[in-house]
Amino acid sequence: MEQQLKTLDEIGEGIGVRVVSILTGRAAQNKLAELCIFEGTILIALRQAPIGGPVLVSAGGREVAIGRNLAHKIKVQVME
């Protein structure tokens with residue numbers, strides 16, 4: 001049975017995910033690519049700031065903060 005996709009802002013701390021799709025415009029996709037985040041990238045959710053703050057993830061050995069609105073547009077699959 002295939003696992004349902006979630007958005008990055010729905011992932012709990014310490015969970016590894018694979019980016020499946022990024023539902024944004026070209027400018028936001030380019031910014032994420034500069035941070036080494038694109039389809040197929042493996043991320044680890046580190047922390048979610050309270051009250052709509054950014055999501056902190058590990059991407060390629062670097063910690064990256066992603067705004068909550070942008071994180072909501074990144075579809076991911078939880079790694080098992």
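Each value in this text was obtained by applying a stated rule to the coordinates, not by laboratory testing. Please read these numbers as outputs of a predicted model, since none were measured by experiment. For neighbour counting, all protein chains shown are included, and Cβ atoms are generated from backbone atoms with ideal geometry for every residue, glycine included.
Among the residues making up region 71-80, those that are part of a loop (DSSP other than H, G, I, E, B) and under 22 Å from R26 (Cβ atoms) are H72, K73. Summed over region 44-70, the residues that are in contact with a Ser or Thr (Cβ under 8 Å, 6 or more places away or on another chain) and closer than 22 Å to R26 by Cβ give a count of 4.
The residue that is nearest to I15 (Cα to Cα), counting only those in region 30-62 that are touching a strand residue (DSSP E or B) at 6+ places or on another chain (Cβ under 6 Å) and among the charged types (D, E, K, R), is R47. Of all residues in region 7-39, those satisfying the criterion of being touching a residue at least 40 places away in the same chain (Cβ under 8 Å), more than 14 Å from N69 (Cα to Cα) and not aliphatic (A, V, I, L, M) are G16, R18, S21. A search for C-beta distances below 8 Å between a residue of region 46-59 that is under 22 Å from G16 (Cβ atoms) and any residue that is hydroxyl-bearing (S, T, Y) and surrounded by 14 or more Cβ atoms within 10 Å (Cβ to Cβ), counting only pairs 6+ apart in sequence or on different chains, returns L46/S58; A59/T41.
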